[in-house]
Structures are given as structure tokens and as C-alpha cells.
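Okay, so here's the structure we're looking at.
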Amino acid sequence: MVKKILLWLTFFLTFKIALVLLVGQFTVDPRRDIATRKAHYNAFDPNSVFIGTSRTLYGINPAIFDSLNTGKTRSYNMGLFSLSFANSLDIARDLIQNNPETKTIFVELSALDYSTIHLKPNYFVNDVYFRTQVMHGATSVGNQEKWSDFLTGLNTTIFQTLSIAPQIAAVKKMTKPVNDPIEGPPDLEKNGMQRVGLRISGLNTMVINNRFYTYKLLTLDKKLPTNAYFLSEINEVIAQGKAHGKRVIFYMPNNITTGEFEILSQVAPYIPEVNFIALQKDPGLDVIFKPENLFDSHHLNAKGSAIYTRYLQEQFTKKTDTL
């Protein structure tokens, strides 16, 4: 019986590997594939990079950032769908060690529980391990939720190893493309950003909730216990960058979800101030939650990204001037 199971498992793995290699020749989306994005990054030859989720992909305009820096920076937007924080840190480590021309590395502070359907095994295993350690150290999260998260991660790992769903989804998109900023084909600029001119019709519950938890995270003090593992990973990358003569700066995305707040409330207040850009605490924050600046509940459109990018550049300049 065991031998038969192992034979079937070997068959499925062999079949999936063959399918991945075949489909990968025609359907690589640089917004989902880390290796492809790194190749684009190297071809652009920047000295600064923004690493993050799709909120970074649509929300940061390197052209505006560089213009405000009077050409001192040549920035690349490495925003990817389903990019976990664990993999963001690994990309940062790789650039610190292997890209001497990269002097400033910006990393989006996130804790989103994304679907990992498009991730390759070496990436989602790393993600599951990181999430497990983070949840273990999250005192604000109950044991039942921790177990649920662990089982979800285990189920995802098994599913990703055996499933051909990502390849089926890729083929469907290739044969029947749709006109959508996320589900449609990539439309990246040379600097890695994807601009979207659409806007939502009005505020909805999700936008309102995101705004609430974003404000709440900004008003926290240091009374909550820290998530030691999460912070140790952040501080390790900061120290590694410093040892290589590079700056690593973490920045808040344009919104924080309910689930993220549970984790980041034990992280954000404790990141060294010189290495962290938070959002505005005053009413100026409201502008990036206005419908005319969003193309869906989580993502900024071109107008919103210009506002958000200018703010990040302004805060970056203040931190640079104080060094």
C-alpha cells in the first residue's frame, strides 16, 4: 500500500514538473514570478528598489520619486502579486549581497494572508515557515486562530506540491485574456510600475475598515508586547544592509487590513524610526482613501499613487537629512 502511494505521488510530481516547465514557456507573468522580476530589475540597473505586494506595484511611481530626488535615485518598483513578507525579506537579502549598485532598499511592511496558488515550492515553503513562527509569537492572536493558520499553511503546502491549478489558471488567462488591471495581462513600465486610470464609484465597507485599522495602527504606543521573531527578521536585514553600506527602509502600504493589524500592532511601533516610514497621522491620510484615488478597495490608481509616492519621498528626504 505504501509503495503504491509513493508511486502515485512520484507520478503526480513528475507530471506537474513537466507541466510547469511547458506552461512556463508561454505564460510567465512578471507580476507573479520573482525570478522574472529580478531579471527585469537587473536590466533596468537601478540604485534604489521598492519591494512589496500589489499595493506597491500599483501604488509607487518611481518616475515621480526620482524626479523629486532630482535624479539622485534611479528606482525600480518590484511589486508582485502574492508576495509574502518572508519572500520580500529574502529578495532584500539577495540584493544586499549580490547587487552592489543597489544602495537603498525599501520594503513594504505587510502581513497579508495571500493565496499562494502561483508561488513555486521554494517560495511558499519559506512563507509557511515564516507565518508559523510569526503566529507563534503573536500574543494578540488566540490559540484556536494559531492552529487554524498552521493547518491552512500545511494544507497550502500539500496543495501547492500536487496541484496543477496554477498552470490551468495560467492557460485560461492566455487563451481568454480579460481587460482587468489584476486579472488581465501585465502592463508594466520599464521601472516596474503598473499605472491604472480607473477609479471606484464610492466608498465601501472594505475601504472604510482598511482606513479604520490604518489609523489605529498609527496611533499605537509601545505598550503591547512585541512579536520577537518578526522584529528579529526585520532587524537582521537592517543590520545586513548596514554591514554592506546600504540603507534598508520599511514603509507602510496605502492601507492596513484587519488581519494585518493583529500582527503589525506588535511590530510597527518597535521598528527603528530611522528605518521606518509610517503614514500620516493627521487628516491628510484621508486623501488616499478617497474613491477618486483608488481603482479597487486595496489599490491606488495613478492619481492616488502620485500622492502616496510624494509622501514617501518627503519622509525619505527628512530621514536622509537627519543622518
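Check Tyr76: other-chain or 5+ apart residues with amide H under 5 Å from its amide H, H built from backbone geometry?
Amide H neighbours of Tyr76, under 5 Å, 5+ apart: Ser48, Val49, Phe50.
Taking θ = phi - 60°, what integer Hz values does the Karplus form 6.51 cos²θ - 1.76 cosθ + 1.60 yield along the stretch 182-192, in sequence order, with x for Gly and Pro?
Whole-Hz 3J(HN,Hα) from phi for the stretch 182-192: 9, 7, x, x, x, 9, 7, 7, 4, 7, x.
Give the long-range amide H neighbours of Leu294: residues separated by 5 or more places, or on another chain, with amide H under 5 Å away, using H modelled in the peptide plane at 1.01 Å from N.
Correct list: Ile200, Asn301.
What is the gain in length, in nm to one decimal, between Leu203 and Tyr129 on full extension, counting 0.36 nm per residue of separation less the C-alpha to C-alpha distance?
The Leu203-Tyr129 span can extend by a further 23.0 nm.
Label points 7 Å out from Cα along the Cβ direction at Ala43 and Lys72: separation in nm?
Taking the two extended label points, one gets 3.0 nm.
Measure of size requested: the Rg and Dmax of the stretch 222-323, with Cα atoms as the atom set and Å as the unit; please supply both.
Both quantities, over Cα of the stretch 222-323: 15.1, 43 Å.
Given Cβ point charges of +1 (Lys, Arg) and -1 (Asp, Glu) and nothing else, what value in debye, to the nearest 20, does the dipole of the stretch 205-322 about its Cα centre take?
So the magnitude is around 240 debye.
Defining a contact as two alpha carbons under 8 Å apart and six or more residues distant in sequence, what relative contact order in percent does the stretch 223-320 show?
After rounding, I find 26 percent.
Translational diffusion coefficient, Stokes-Einstein: compute it for the stretch 28-106 using the Kirkwood radius over C-alpha pairs as Rh, at 4 °C and 1.567 mPa s, and state it as an integer in µm² s⁻¹.
Calculated translational D: 103 µm²/s.
Once label points are set 7 Å from the Cα along Cα→Cβ at both Asp180 and Lys223, what is their separation, rounded to one decimal in nm?
4.3 nm
Tell me, what % of the accessible area of the stretch 248-304 is carbon and sulfur with a 1.4 angstrom probe?
56 percent
List the residues, sorted by chain then number, that are 5 or more residues from Ile249 or on another chain and whose placed amide H is less than 5 Å from its amide H.
Those lying under 5 Å, H to H, from Ile249 are Ile105, Phe106, Val107.
How would you rank 285-293, 83-91, 245-253, 309-317, highest first, on the average number of other Cβ atoms within 10 Å across their residues?
83-91, 245-253, 309-317, 285-293
The values are calculated or read from the model by the stated rules, or taken from the named source; none is laboratory data. What you see is a predicted model, and the numbers here were worked out from it, not measured in a lab. Cβ atoms come from the backbone with ideal geometry, glycine included; neighbour counts cover every protein chain shown. Note: accessible area is taken over every heavy atom of the protein model, side chains too, but ligands, DNA and RNA are not part of it. Shrake-Rupley method; radii C 1.70, N 1.55, O 1.52, S 1.80 Å.
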